[in-house]
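A short worksheet on the structure shown next.
The values are calculated or read from the model by the stated rules, or taken from the named source; none is laboratory data. Every value quoted in this text rests on a predicted model; they were computed, and no experiment measured them. Heads up, the Cβs are rebuilt from the backbone with ideal geometry, glycines too, and the neighbour counts pull from every protein chain shown. For accessibility, only protein heavy atoms count, side chains too; no ligands or nucleic acids. Shrake-Rupley method; radii C 1.70, N 1.55, O 1.52, S 1.80 Å.
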Amino acid sequence: MSILLRVTLLSFLVSLFFATSSFADGRILIKPHIETGWQRDTNFHKSDTNTKTVDTYNVKPGIELGYTTGKSLVSLDYWFNVLEYDDQDNVSADPFKAGDFDYIEHMADFTAQTQFTDHLLIGLDNFFQKTSDPANAQANSNATDRFKYIMNRFTPRLLYNFGNKFGLGLKYTNLITDYSDDDVNEGEDSVENRGTFTFYYYLNQKTSFDLDYQYWNRDYDNNASFRTSDYDSNQVMLNLTHQFNYLSFTAGAGYHAREFDTPPLKSGDIEQFVWKLSVSGQNPPDAEGIPKSSIYLSLGSNLNDSGSGETYYNSTRFDAQVTHLFMEKINCTLAGWFQNSDYETEDREDDRWFMSAAADYLINDFFSLGLEGGFEERDSNKPGKDFDNKYIQFNVKFNYNMGDK
């Protein structure tokens, strides 16, 4: 989608916002923040053989801006992160020094929406990130590379409610992934266009169903090193959500069919059953800041979306996070995940898991000190794909709300 069209849609939505709201009745948020920290990894490249210890130093300033009324909101969260790496081992024979990976990461998350009528909500989201973390490209990534890339996700959306029982959601998403380097095997650019149609049925205040259909096309750059096949995906899922006291339960199941322009498999295209289960909640349920306790668990199975180099696999993934605030001062977090990646395009299967424990000491409403440690491991039946990495991290955070009123 052209930049002109994006600006036009954004201008239209902001005009709707100002047409339906008054600054006198709104709430303004101005929240600058800065974070600095240190991290040590025992296997910086997450490699089977080229293991080396590297220290990471970072400084991450940013700001949150927002304005809300009873019917509308506009918000922007932006930060940049200056990352510097320092080798702790003797790397005289290594052609790649840790300092070669130094860079500045950027993130900008923009949202605008307005309740245009009693039944119609119109919104627009744009998420931009410049990073080298492959996990940001998709939720079930199995990559370990550190190639720098830009990702921009542009999403206009609307939700129409037919009374109290039924609702219809429409959403379009344009996702651009652009790698900084075009060298051999250093990432493949792609463009994805996705349409989402969701029909909601609200059984009562605590239980709802939705039928979700998504169609998307991913078009790869087809450079000389990859030449990944473009594809079209169709996915339909039926989901159930139920609220029970402080907890929200979601269960969904459906069907995913992926058709390739040039099938990478001898069997042709991929068709499979997909599903997900999740539970989340916090106490108290209406906490605006850090809750006394919280929990999130999810389990699901689906295909990965970005298959650069024809690396498509079925992922079965479990995520978990539990937090608890002790003595109103120490916020503790236990988190982890496990993912099985069963490759469709080669005889390869990986088990990868991660665990971490963290504690943040809240000095006051603005300052906190954090300490975190964790472990990650991947076991693969393909030689050279195993790795394990231990890390420890220390950080200092400052958040100050200048205009929440």
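Tabulated values for the structure
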{"quantity": "Any hit, the stretch 5-14, residues being crowded, with 16+ Cβ neighbours inside 10 Å and either modelled with pLDDT of 85 or more or closer than 30 Å to D145 by Cα (or both)", "calculated": "no"}
{"quantity": "Hey, S190 within 30 Å of S308 (Cβ to Cβ), among the small types (G, A, S) and in contact with a Ser or Thr (Cβ under 6 Å, 6 or more places away or on another chain) or not", "calculated": "yes"}
{"quantity": "Tabulated pairs, the stretch 276-302, first basic (K, R), second in a strand (DSSP E or B), C-beta under 6 angstrom, 6+ apart or interchain", "calculated": "K276/G252; K276/G300; K292/N283; K292/L325"}
{"quantity": "Test: residue in the stretch 302-310 that is surrounded by fewer than 17 Cβ atoms within 10 Å (Cβ to Cβ), in a strand (DSSP E or B) and modelled with pLDDT under 95", "calculated": "no"}
{"quantity": "Tabulated pairs, the stretch 118-146, first within 27 Å of N340 (Cα to Cα), second open to solvent by 40 Å² or more (accessible area, probe 1.4 Å) and among the aromatic types (F, W, Y), C-beta under 8 angstrom, 6+ apart or interchain", "calculated": "S132/F101; S132/F147; P134/F147; R146/F101"}
{"quantity": "Pairs with Cβ under 7 Å, 6+ apart, first in the stretch 303-315 and closer than 13 Å to R218 by Cα, second among the acidic types (D, E) and open to solvent by less than 30 Å² (accessible area, probe 1.4 Å)", "calculated": "S308/E188"}
{"quantity": "In the stretch 251-263, the residues that are in a strand (DSSP E or B) and either out of contact with any Leu (no Cβ under 8 Å at 6 or more places or on another chain) or open to solvent by less than 30 Å² (accessible area, probe 1.4 Å) (or both)", "calculated": "G252, G254, Y255, H256, A257, R258, E259, F260"}
{"quantity": "Tally of residues being assigned to a strand (DSSP E or B), open to solvent by 20 Å² or more (accessible area, probe 1.4 Å) and either among the charged types (D, E, K, R) or under 24 Å from D210 (Cβ atoms) (or both) across the stretch 144-160", "calculated": "6"}
{"quantity": "Subset tally (residues that are in a loop (DSSP other than H, G, I, E, B) and open to solvent by 40 Å² or more (accessible area, probe 1.4 Å)) for the stretch 117-143", "calculated": "5"}
{"quantity": "Within the stretch 77-108, tally of residues that are open to solvent by less than 60 Å² (accessible area, probe 1.4 Å) and outside any loop (DSSP other than H, G, I, E, B)", "calculated": "15"}
{"quantity": "Residues being in a strand (DSSP E or B) and open to solvent by less than 30 Å² (accessible area, probe 1.4 Å) - total across the stretch 392-405", "calculated": "1"}
{"quantity": "Selection from the stretch 264-294 of residues that are out of contact with any Phe, Trp or Tyr (no Cβ under 6 Å at 6 or more places or on another chain), open to solvent by less than 60 Å² (accessible area, probe 1.4 Å), modelled with pLDDT of 95 or more and of a type outside the set (G, A, S)", "calculated": "V274"}
{"quantity": "Residue in the stretch 321-340 that is surrounded by 13 or more Cβ atoms within 10 Å (Cβ to Cβ) and over 21 Å from I295 (Cβ atoms) present", "calculated": "yes"}
{"quantity": "Close pairs from the stretch 351-364: first farther than 15 Å from S293 by Cα, partner β-branched (V, I, T) and in a strand (DSSP E or B), Cβ under 7 Å, at least 6 apart", "calculated": "Y361/I330"}
{"quantity": "Residue in the stretch 177-192 that is part of a loop (DSSP other than H, G, I, E, B) and within 19 Å of A108 (Cβ to Cβ) present", "calculated": "yes"}
{"quantity": "Condition check for K171: modelled with pLDDT of 95 or more, within 20 Å of the chain's Cα centre (by Cα), surrounded by 15 or more Cβ atoms within 10 Å (Cβ to Cβ) and of a type in the set (K, R)", "calculated": "yes"}
{"quantity": "All positions within the stretch 349-392 that are touching a strand residue (DSSP E or B) at 6+ places or on another chain (Cβ under 6 Å) and polar (S, T, N, Q)", "calculated": "S356, S368, S380, N381, N389"}
{"quantity": "Odd one out for T114 among (1) in contact (Cβ under 8 Å) with a residue 40 or more places away in the chain; (2) not in a strand (DSSP E or B)", "calculated": "(2)"}
{"quantity": "Positions within the stretch 364-380 being modelled with pLDDT of 95 or more and either open to solvent by 70 Å² or more (accessible area, probe 1.4 Å) or in a loop (DSSP other than H, G, I, E, B) (or both), in sequence order", "calculated": "L371, D379"}
{"quantity": "Residue, farthest from the chain's Cα centre (by Cα), within the stretch 348-363, restricted to residues that are charged (D, E, K, R) and surrounded by fewer than 18 Cβ atoms within 10 Å (Cβ to Cβ)", "calculated": "R348"}
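Here is a yes/no grid of residues against (1) under 30 Å from Y400 (Cα atoms); (2) acidic (D, E):
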position	(1), (2)
Q282	yes, no
P291	yes, no
Y296	yes, no
G307	no, no
E328	yes, yes
T345	no, no
E376	no, yes
